[in-house]
1. Under the rule of -39500 (n - 2.57) per DSSP H run of 4 or more residues, summed and divided by the residues of chain A, what mean residue ellipticity at 222 nm is obtained, to the nearest 500 deg cm²/dmol?
2. Counting only residues 5 or more places away or on other chains, whose amide H sits under 5 Å from the amide H of B:ALA132 once H atoms are built in the peptide plane?
3. Calculated from DSSP H runs of 4 or more alone, at -39500 (n - 2.57) each and per residue, what is the 222 nm mean residue ellipticity of chain B, nearest 500?
4. Using the Cα centre as the reference, give the magnitude of the dipole from point charges on the C-beta atoms of region A:182-280 (Lys, Arg: +1; Asp, Glu: -1; all else neutral), rounded to the nearest 20 debye.
5. Rank A:GLY257, A:SER245, A:GLY197 by how far each Cα sits towards the positive end of the charge dipole of region A:182-280 (+1 on Lys, Arg Cβ; -1 on Asp, Glu Cβ) and give me just the farthest.
6. Assuming a ≥ b ≥ c are the square roots of the Cα gyration tensor eigenvalues, decide whether region A:174-263 counts as rounded (a/c under 1.5), prolate (otherwise, with a/b larger than b/c) or oblate.
7. Can you pull out the GluC sites (Glu not before Pro) in region A:59-94 whose DSSP state is coil and whose Cβ has at most 12 other Cβ atoms within 10 Å?
8. Per residue of B:210-223, how many C-beta atoms from partner chains lie within 10 Å of its own C-beta, taken as a mean?
Amino acid sequence: MSNEDEKATGLVPSPSSALSHVGTTSLAQRGMQDLIARAEAEQWCEQGRIFQRQEKYVEAVECFRRGLQFDPNHEYLQFLIGSAYYQGNGLPERDYTQARFWLSKAAEQGHAASQAILGIMYEWSFGVQQDYAQALEWYRKAAEQGHPGAGYLLGCCYWEGRGVLQNHEQALAWFRKAAELGDASAQFNLGVMYGFGRGVPQDDAEAVSWYRKAAELGNASAQFNLGVMYHSGQGVPQDGAEAVSWYRKAAEQGHAGAANNLAVCYEKGLGPQDHAQVAE
Amino acid sequence: MNAEIVCRLSPEEEELAKKRNELALLQTELAERELYLANLRADLSAFEGRYLREVGVLYAELDDWSARIAKVVAEEEGTVEARAAATKARAQAEESYSAAHGEAARAIEFTPSPELKKLYRDVAKRVHPDLATDGADRAERERLMAEANRAYQQGDVDALRRILEEYESSPESVQGTGVAADLVRVIRQIKQLQKRIVQIELEITSLGASDIAKLKVKAEDVSNQGRNLLAEMAQDLKRRIDHERRRFESLSAKERTP
């Protein structure tokens with residue numbers, strides 16, 4: 001009787017798919033497990049980043065490694081550990097083989113910064129046979145995603161005809177894109193192209209505007225060139241004080257030409273009279 | 001006043017009235033809990049349908065690539081282990097496929113109208129199989145209740161109304177064969193309903209502990225942060241699928257060039 005009761009109560013209401021489909025249950029279970037694993041990986045990633053900011057690189061690498069055990073497909077963790085090997089941070093020594101292994105994984109998943117570094121490794125043959133065509137392809141992938149540094153590097157390849165037929169128009173286009181995204185090297189190059197009329201009609205005002213952007217981002221060459229423009233009054237009204245101020249910024253970063261020009265300016269009495277600083 | 005004609009109840013009759021009252025309260029409570037359970041199931045099924053359509057199909061695709069890779073590896077290595085792994089991977093891929101493309105994947109969003117809910121409550125209150133007094137009665141109630149469940153899931157108000165009418169006009173619902181017999185029957189019904197209420201709570205607990213329910217809770221949590229959990233899961237799986245596809249392609253390319 002009690003047996004019959006149990007069977008009967010089990011019949012009503014009709015069974016739900018939520019519990020009765022074996023396959024479905026396992027798919028839901030996998031979804032849940034994957035979510036937990038990714039959350040776990042995310043935590044290790046964050047902890048590792050904290051260690052990185054505290055310059056505890058050994059601990060950081062350990063966190064990245066643990067995170068990857070939970071989610072081997074975590075592209076940011078792949079990038080982080082790959083860059084650690086690339087720079088030798090938190091590891092006994094730099095290891096380009098391991099760097100390439102991890103960065104390739106992230107790059108193939110579409111991680112732009114990893115693609116850019118991988119391109120550099122191929123261009124400069126860091127732990128791999130030099131291969132300009134491969135370098136160009138990785139730069140292109142990253143640049144097309146809007147990675148400013150990769151856009152600059154791709155522009156350089158076109159400018160110099162490395163891994164591709166020389167093409168100044170393409171170089172200009174990529175420099176411009178990278179410059180607009182805030183890459184100081186590309187901004188400086190654009191400034192030079194306008195200043196000297198290379199690949200574009202000569203235009204001092206345009207040159208000054210790109211030098212200024214790059215200079216403000218701390219690019220020493222751009223600071224020096226901007227100083228020259230003020231010094232000679234090209235593209236801007238001549239202004240000795242401005243020239244001195246930009247020379248000084250470049251010189252402080254070790255720019256030899258800037259240090260030289262700064263000394264000349266002081267001799268001629270341009271700018272404030274603090275010779276002692278200049279002599280150093 | 002009319003003191004003489006007050007009908008005095010015998011102790012059995014008093015007990016029966018009390019028990020009938022108790023039964024009526026239980027019927028109402030049970031109907032509420034059945035409705036809650038039915039809605040919980042419908043919500044979970046709807047979410048499960050979405051999950052299978054948006055995420056489950058991608059697991060199936062991922063498993064398919066893994067099975068293809070396992071096959072290439074098995075052909076290349078030719079070992080017993082590799083072949084067994086390939087067979088297992090293929091079986092997994094097929095299981096995932098049928099789960100992701102099966103009946104459960106067709107469940108859609110369910111929002112019952114107040115009228116539908118009321119009718120379902122009425123049916124559950126009166127027709128519930130645990131009110132049955134004998135085997136034949138129970139069979140009939142189970143048939144009606146199963147129909148009611150179907151009708152509720154489909155939002156079919158007319159069908160629910162028909163079930164209620166059919167039940168009320170059936171001879172099984174006629175009661176009475178003496179106070180003692182009634183009392184025995186009512187007490188038995190009370191026990192059955194109490195048992196069912198406990199069982200419903202257990203079912204609610206186990207539904208809540210299921211992975212699909214956990215996923216649903218998680219999805220609601222992140223949706224409050226303006227995120228879409230299923231879309232995120234799908235994106236992650238697409239990446240893994242890409243990865244497996246590339247692995248398969250590079251493996252088969254190696255196969256072709258000795």
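1. On the way: 16 runs with 206 residues, N = 280.
So the calculated ellipticity at 222 nm is -23500 deg cm²/dmol.
2. When sequence neighbours closer than 5 places are left aside, there are no close amide H contacts.
3. Details: 9 runs with 200 residues, N = 258.
So the calculated ellipticity at 222 nm is -27000 deg cm²/dmol.
4. On the way: 6 positive and 11 negative charges, 23 e Å.
Magnitude of the dipole: close to 120 debye.
5. Checking the options against the dipole of region A:182-280, the answer is A:GLY197.
6. Numbers: a/c = 2.13, a/b = 1.38, b/c = 1.55.
Oblate shape, in that a/c is at least 1.5 and b/c is the bigger or equal ratio.
7. Numbers: sites: A:GLU59, A:GLU62, A:GLU75, A:GLU93; in loops: A:GLU93.
Sites meeting the loop and neighbour criteria: A:GLU93.
8. Details: counts 7, 12, 12, 4, 6, 5, 2, 0, 5, 1, 0, 0, 1, 0.
Across B:210-223, the average partner-chain Cβ count within 10 Å equals 4.
Quick note: the coordinates plus some simple rules give every number you see, no bench work behind them. This one's a predicted model, so the numbers in the text were calculated from it and none came from an experiment. Counting neighbours? That spans all protein chains shown, and the Cβs are built from the backbone with ideal geometry, glycine included.
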